[in-house]
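Have a look at the structure below before the remarks.
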Amino acid sequence: MALAGRSLHSGRAMTPRDTAAATYENPAPTHGMTPAQLRAAFFRTFPAVAPAIVIGAIDQTIVAAALPAIAGSLGALESVSWVVVSYLIAATVAAPVCGQLGDALGRRRLLLVSLALHAAGSAVAAAAGSFGWLLAGRLLQGAGGGGLNTLTMAIIAEAVPPRERGRFQAWIAGCFTLASALGPVAGGWLTGAFGWRAVFLVQLPAAALAFAMALRAPARPGTAHSGARLRFDGPGVVLFAAFVAPALFALSLAQGLSLAALPGVALLAAGAALALWLLLWRERRLRHPLLPLGLLAEPTVLRSNLFTACGHGALVGLLTFLPIYLQSARSLEPGAVGVLLLPMAVGGGIGGLSAGRLMAATGWSSPLAAAGLALATAGLAAAALLAATLPVSGLAMLFGVVAFGIGLSYPVSQINTQVAAGPARLGAAGASVQFARTFGAAFATALLGALLFGSLAAGDPRVAELFAEVVRDGAAAVLPRLPGPEHAALREGLAAAFRAAFLGAAALTTLGAFMAWRVPLRRV
């Protein structure tokens, strides 16, 4: 059993916390399913939720390439970052809400509701005649997206015992990484060919397909169907939103390292801290809180969430800034950039599949994540040292290795938290992982952006101005009009700045590897 593995392989005696956690262990046999049972579970469960997984993953990156066109069309250049931040806020708040309601009312039911919300948000955003309506659509999309990522994990966890979940979580990791990496490519092509509204319109038939497939997912009643009264923590949701919204927007403002933005960042951070204190004060006094603090305090859950936040944050930060690097420092066309991002998608998918197979065969979990994140650290350190001299194909392969290492950690974090939570709290476990990844992505993007702008600000001010123009208007609009000396200075300045960013990402994966090695749960 996983409990025995926890005590034998953590190198310490059982504690009262361990004993309490043991009551939530999945009673399914850990020796595995027969091949026939596994095939039946796969063909019934994974195809039913795979389209929802892809939608939830690609929606976080597909809009990035359309931001300049959106800003120009709606006249919202200074506020365009809210298109991304609003989605992150809604997705982060929705994750624990959908987790709690899914545990109580049934996870498939909430998955269908999430898909409907996402489709409604896509329609509103596509038809938006003003920036305010676009933000309303993105909030709806985020509310649906937060539920998609949380509930698909829980539905799969319902179907199979812990060790066999590795195979399914591996396929999820592959879909997630592939969709995340292809999002900017698809968004750029759609925007160039049909306009920015196509980025949202294309998601409507995708949501309809995902809805039809989700109807085939296993439907199990929630705890409320067994006679238990549904207790929903409404004030907790308000306080959680009051914490998440200013915290994420403060990170977005801090990314630019502007002294003028410092008072606003400090005010937002103070508001977020106050809301968090009130939220924790309330949640400790409720029998049915929105945030299961007892679960989150478990070392397995806490450290698994920390390492997945570090790994996922590093990956999203790289996917955010690598296209800018390849276009501005290497003078590549957008189409070529998309091709060079494919090794990251393939590497991440292979990493997830490899981790799933290894977990199913050996039962090892956390050491796989630690090894994968350590490999990613080595790759990022090599990129920091060699990026300026490597050919673009070699650089693409190197980042494929980085994505492979991070991909190894994705299934592990999900399964660790699910085993620690037990069958009754699978939604809460999935919500905690989704929150960790979303917040980790926001923090890492702000950190890497701060390192980039900070390095540039320490050098030639004109290079910093040019880089800000590239980020705001796009490389295709800025680079062709630059004289040769300025273009060369920009390339040199970006090489030094991205060296700092790659080292920052390496620091994140190093912390993630340390946390993964410190997870008490070693085998499932």
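Values as computed for the structure displayed
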quantity	calculated
Calculated on alpha-carbon atoms, Rg and Dmax of the stretch 436-524 in Å	17.3, 59
Extension gain (nm, one decimal) between E492 and T362, 0.36 nm per residue minus Cα-Cα	42.0 nm
Overall form of the stretch 340-409 per C-alpha gyration tensor (a/c, 1.5; a/b vs b/c)	oblate
Full-stretch length increase - A477, W133 - with 0.36 nm per residue and alpha-carbon distance subtracted	121.1 nm
Most to least packed among 350-358, 491-499 [average Cβ atoms within 10 Å]	350-358, 491-499
Packing-based ranking, highest mean first, of 479-487, 146-154, 122-130, 315-323 given that Cβ atoms within 10 Å are counted	146-154, 315-323, 122-130, 479-487
Distance in nm between pseudo-label sites at L342 and S393 (7 Å out along the Cβ direction from Cα)	1.3 nm
Gain in span if fully extended, A208 to V238, counting 0.36 nm per residue against the direct Cα distance	7.7 nm
Extent along principal axes [Cα atoms of the stretch 305-374; Å; largest to smallest]	46, 22, 15
Karplus-derived 3J(HN,Hα), 6.51/-1.76/1.60, for each residue of the stretch 446-454, Hz, glycine and proline x	5, 5, 5, x, 5, 5, 4, 5, x
The stretch 447-524 and the stretch 327-400: distance between their alpha carbon centers, rounded to Å	17 Å
Highest to lowest packing among 291-300, 108-117, scored as the average C-beta count within 10 Å	108-117, 291-300
Note, ³J(HN,Hα) from phi for the stretch 406-417, Karplus 6.51, -1.76, 1.60, rounded to Hz, x at Gly and Pro	5, x, 4, 7, 4, x, 5, 5, 4, 5, 4, 5
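All of the numbers you see were taken from the coordinates with simple rules; none came from a lab. What you see is a predicted model; the values in this text were computed from it and never measured. When we count neighbours, we look across all protein chains shown, and the Cβ atoms used for this are built from the backbone with ideal geometry, even at glycine.
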